[in-house]
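Read-outs throughout are calculated quantities, based only on the coordinates presented, and are distinct from any laboratory measurement. Keep in mind the model is a prediction, meaning the values are calculated, not measured. Cβ: placed from backbone, ideal geometry, glycine included. Neighbour counts: every protein chain shown.
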């Protein structure tokens, strides 16, 4: 009987793991149960009860900037706060184009703290192909970040935008309707885009990088990103 039980249990476990974005532990406790069959015989059945710390996120937003020390971690923190405030089950993460392991500059930490964010423990990390492929929406702080993400995963073009661009296109297409898949809404936003649209830099698409400037520039960036992220969340998920 054990071999007959273990095989479907293992298969169910594999299916459960496949649906998880992050699995720390997964295990099964077998609960025996005796029942009486139609002919009066006793039959022992075993029912698996799942115990898991598997984390299943319905939405994963990836924010990208150059060093992952300033714009993208601020955007991710702001997005996470807004999604949480409206009960959206999602992850907001960030990465950069440079090697990781760096702390945010003091000006970033200060400007973020003034906005109610704690970035003191943040450490930068480099963008990977896996980051891009696993994200439901990739948001660059500038055109160059969109270009780099799409170069890592060319199939991601339809879900990769600069922050200003995705907000602008959402204003033209309209907010996502309740129940519509995010992927379909992003496809509507993507319609008519060309790869050549990503060339160069543009104030229409880029969030200014305050790195190396005065604290006022960092505060302005945080306020700018907060407004744009708020508009994105409202368009994609409702009130924020």
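Ordering 139, 132 by the number of other Cβ atoms within 10 Å of each residue's own Cβ, fewest first, gives 132, 139. Between residue 172 and residue 126, the FRET efficiency estimated from the beta carbon spacing at R0 = 22 angstrom works out to 0.10.
Label segment 54-149 by shape, choosing from rounded, prolate and oblate, from the square roots a ≥ b ≥ c of the eigenvalues of the Cα gyration tensor; if a/c is under 1.5 it is rounded, and otherwise prolate applies when a/b is larger than b/c, oblate when it is not. Oblate. When the Cα gyration tensor is reduced to axis lengths a ≥ b ≥ c, the ratio a/c is 1.5 or higher for segment 157-240, and with a/b not above b/c it is classed as oblate. Site pair residue 103 and residue 183 shows an inter-label distance of 4.2 nm when each label is modelled 7 Å from Cα along Cα→Cβ.
The convex hull of the Cα atoms of segment 59-237, projected and averaged over all directions, covers 9.4 nm².
Highest average first, the peptides 186-193, 227-234 ordered by how many other beta carbon atoms sit within 10 Å of their residues are 227-234, 186-193.
Among 103-111, 65-73, the peptide with the highest mean count of other Cβ atoms within 10 Å heads the list, and the full ranking is 65-73, 103-111. Remark: spin-label model distance residue 209-residue 133 equals 2.8 nm, labels positioned 7 Å along the Cα→Cβ axis.
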